[in-house]
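Right, one structure below, let's go through it.
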Amino acid sequence: MPDTLKFHFDIDGSDFSSAGAASVMVKKKLRQLAYDPEIIRKVSIAMYEGEINMVIHANGGTADVEVSDEEIVIILSDKGPGIPNVELAMQAGYSTAHDNIRNLGFGAGMGFPNMKKYTDYLNVDTVVGEGTTITMKVKL
Amino acid sequence: MKISEIRDLLGASVLTGEGILDHEVTSACCSDMMSDVLAYVKDQGVLITGLVNPQVIRTANMMDMVCIVFARSKTPTEEMIELAKECGIAVMCTEKRAFETCGILYTAGISKCNEDKNA
């Protein structure tokens with residue numbers, strides 16, 4: 001196995017029905033590589049939340065997953081509207097999603113709290129009008 | 001309880017997952033909000049929902065759930081069934097409403113999913 005495994009995904013923001021497909025793929029690959037189920041669970045839930053957010057709010061973007069001996073790093077990058085108030089977005093229950101998104105089963109304001117809950121490190125680099133890059137790490 | 005017993009209790013039709021009907025499940029959760037499922041559920045269990053979109057399957061997959069029950073005759077698409085098959089998740093449909101579905105399973109010994117407080 002090479003020192004670092006890398007997976008790259010382009011996340012289509014125009015089709016909600018495909019949202020989450022990259023996370024399913026990552027989960028499948030990590031299972032094939034026989035990682036601890038609890039680690040796989042944390043990584044896939046955190047990435048899934050981020051991926052859904054990217055489709056809902058930012059018209060898609062890219063997802064990169066890097067697996068090393070020490071940690072799994074997930075980097076989600078988009079050129080969406082940015083997040084005006086990250087502190088507020090981190091609060092459980094706070095959401096700017098519209099009703100049509102709630103009808104699809106999301107937008108309960110649990111995305112960021114969940115990403116934080118399931119990872120060991122979460123950084124949100126965002127500029128309003130330019131985009132957002134989210135970095136998450138799960139230690140192995 | 002085996003997944004096959006859930007099918008029998010609910011008079012449900014199995015759309016995929018015939019091969020895992022002997023799988024034991026002990027807990028379930030019922031929600032149309034996938035956000036809540038992602039936030040509050042731990043344990044491999046059963047998802048009861050009336051929501052029909054591919055994210056139902058993906059959410060169950062993320063949470064290591066092994067069975068999805070679509071209540072009140074909601075029917076998943078072929079795409080969803082195929083996705084569930086790939087993920088190894090049993091999918092069934094029942095005419096019963098979500099509340100009744102929960103009541104039947106709860107009475108039969110299925111408990112609530114434990115909340116994941118230590119993630």
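All of the numbers you see were taken from the coordinates with simple rules; none came from a lab. Quantities reported herein were computed from a predicted structural model and do not represent experimental measurements. Positions of Cβ are generated from backbone atoms using ideal geometry, with glycine treated the same way; all protein chains shown enter the neighbour counts.
Among the residues of region A:80-104, the one identified as of a type in the set (Gly, Ala, Ser) and over 17 Å from the mean Cα position of the chain (by Cα) is A:Gly93.
Restricting attention to region A:106-116, which residues are of a type outside the set (A, V, I, L, M) and either touching a residue at least 60 places away in the same chain (Cβ under 8 Å) or more than 9 Å from every other protein chain (Cβ to nearest Cβ) (or both)? Break it down stepwise before answering.
Restricting attention to region A:106-116, the residues satisfying the condition of being of a type outside the set (A, V, I, L, M) are A:106-107, A:109, A:111-114, A:116.
Across region A:106-116, the qualifying residues are A:Gly111, A:Phe112, A:Asn114, A:Lys116.
For region A:1-21, filtered to residues that are more than 10 Å from every other protein chain (Cβ to nearest Cβ) and among the hydrophobic types (A, V, I, L, M, F, W, C), the residue that is surrounded by the fewest Cβ atoms within 10 Å (Cβ to Cβ) is A:Met1.
Where helices (runs of 4 or more DSSP H) sit wholly within region B:1-93, those with at least 3 residues that are at the interface with chain A (Cβ under 9 Å from one of its Cβ atoms) occupy B:34-40, B:54-62, B:78-87. Among the criteria (1) of a type outside the set (Ser, Thr, Tyr); (2) without any contact (Cβ under 8 Å) to a residue 40 or more places away in the chain; (3) closer than 16 Å to A:Ala22 by Cβ, the one A:Ala34 does not fulfil is (3). Only a single item in (1) in contact (Cβ under 8 Å) with a residue 24 or more places away in the chain; (2) under 15 Å from A:Val86 (Cα atoms) is not met by A:Asn123, and it is number (1). Does region B:93-105 contain any residue that is closer than 26 Å to A:Ala22 by Cβ and either surrounded by fewer than 23 Cβ atoms within 10 Å (Cβ to Cβ) or touching a residue at least 24 places away in the same chain (Cβ under 8 Å) (or both)? Taking every residue of region B:93-105 in turn, none turns out to be closer than 26 Å to A:Ala22 by Cβ and either surrounded by fewer than 23 Cβ atoms within 10 Å (Cβ to Cβ) or touching a residue at least 24 places away in the same chain (Cβ under 8 Å) (or both). Residue count for region A:1-24 under the criterion of being among the hydrophobic types (A, V, I, L, M, F, W, C) and either farther than 14 Å from A:Tyr48 by Cα or touching a strand residue (DSSP E or B) at 6+ places or on another chain (Cβ under 7 Å) (or both): the result is 6. Scoring A:Asn59 on the criteria (1) in contact (Cβ under 8 Å) with a residue 40 or more places away in the chain; (2) in contact with a helix residue (DSSP H, G or I) (Cβ under 9 Å, 6 or more places away or on another chain); (3) farther than 16 Å from A:Ile75 by Cα leaves a single failure, condition (2).
Scanning for something among the small types (Gly, Ala, Ser) and farther than 23 Å from A:Met25 by Cβ, does region B:48-57 turn up at least one residue? Yes: region B:48-57 contains one or more residues that are among the small types (Gly, Ala, Ser) and farther than 23 Å from A:Met25 by Cβ. Within region A:75-127, the set of residues being in contact with an Asp or Glu (Cβ under 9 Å, 6 or more places away or on another chain), among the hydroxyl-bearing types (Ser, Thr, Tyr) and under 18 Å from B:Val37 (Cα atoms) comprises A:Tyr118 only.
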